[in-house]
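Nothing in this text is a laboratory measurement; each read-out follows from the coordinates by a stated rule. This is a predicted model, so every value here is computed, not measured. Every residue, glycine among them, receives a Cβ derived from its backbone with ideal geometry; neighbour counts consider all protein chains shown.
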């Protein structure tokens with residue numbers, strides 16, 4: 001009896017060991033494939049540096065004293081040792097506003113995408129899993145919203161409820177729902193007929209458990225790529241809304257409103273638009289490179 005129990009334990013331990021070994025081997029394979037993709041590595045490095053600058057913003061420059069405090073005697077000073085990126089039209093340090101603006105852009109971008117994704121997972125899963133009339137009705141509603149550009153839809157929501165950080169998150173998140181819902185639906189439909197899903201049905205698993213434990217879990221790799229690229233789109237939308245005056249309002253720093261105020265002085269003080277413009281450019285470029293690299297790494301059809 002003890003020998004049988006010991007054998008069962010050993011068998012279970014062996015199965016767990018093999019499972020962990022395969023998981024680690026797969027992770028090593030993904031890592032090796034990602035490292036070989038030089039543009040993706042460059043994108044990861046650039047985005048990591050931007051995130052670190054945003055996290056260390058309070059250590060780099062004081063928010064109250066340098067980012068929003070008006071200092072008219074020192075207005076429009078060119079880059080110097082005292083102000084590495086110069087000062088703006090109100091004497092505020094451009095570097096301080098740039099790094100603190102990065103915090104706002106990243107927080108709103110990531111939070112809004114997370115908000116939109118959470119709702120889209122429910123909508124897309126129901127549509128893709130059940131199909132039929134439910135799928136038809138949901139997709140026709142989604143098609144209506146897809147006819148509107150993201151910026152225009154977010155613009156309408158912000159215009160109706162006012163410009164604030166919370167409203168920006170909600171508006172950009174809602175604008176992401178149609179796009180994400182389509183992707184989640186396609187991912188669910190591609191895996192719902194697999195054998196493990198049929199096996200779950202055969203043992204009596206409920207639809208909710210099948211969706212969350214067997215279908216969505218196998219769509220994570222594909223969704224990670226889409227999330228990365230969607231964050232880039234969200235950051236660009238934030239800057240666009242702030243640029244036209246319906247996003248983050250001055251004196252709160254954000255790359256879009258920095259571009260809007262700096263364009264008046266760009267002939268003699270080009271650094272006022274170069275700094276936020278390049279920050280936006282490199283952030284979006286790094287996320288796109290990272291998204292492409294993750295797609296190449298996680299897609300088995302691209303395996304070399």
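A few remarks follow.
- Working from Cα pairs under 8 Å separated by at least six residues, relative contact order for the chain is 24 percent.
- Sorting 240, 48, 87 from the fewest to the most surrounding beta carbons within 10 angstrom yields 48, 240, 87.
- By the beta-carbon count within 10 Å of each Cβ, the least crowded to most crowded order of 195, 29, fewest first, is 195, 29.
- The C-alpha atoms of the chain define a longest principal axis, and helix 165-191 lies at about 30 degrees to it.
- Acute angle (nearest 10 degrees) that the helix 38-55 long axis makes with the longest principal axis of the chain, alpha-carbon atoms: 60
- Distance between modelled label sites at residue 203 and residue 56, nm, 7 Å Cα→Cβ extension: 5.0
- All-pairs Cα distance distribution in region 143-220, expressed in whole percent, bin size 10 Å: 17, 33, 22, 20, 8, 0
- For the chain, the longest principal axis of the C-alpha atoms and the axis of helix 2-36 are separated by about 40°.
- Mean residue ellipticity at 222 nm, helices only, the chain: -24500 deg cm²/dmol; runs of at least 4 DSSP H residues each add -39,500 (n - 2.57), and the sum is divided by the number of residues.
- Candidates 121, 152, 59: whichever shows maximal mean-square fluctuation once the chain is modelled as a Gaussian network with Cα springs under 10 Å: 59
- Extension gain (nm, one decimal) between residue 190 and residue 137, 0.36 nm per residue minus Cα-Cα: 17.1 nm
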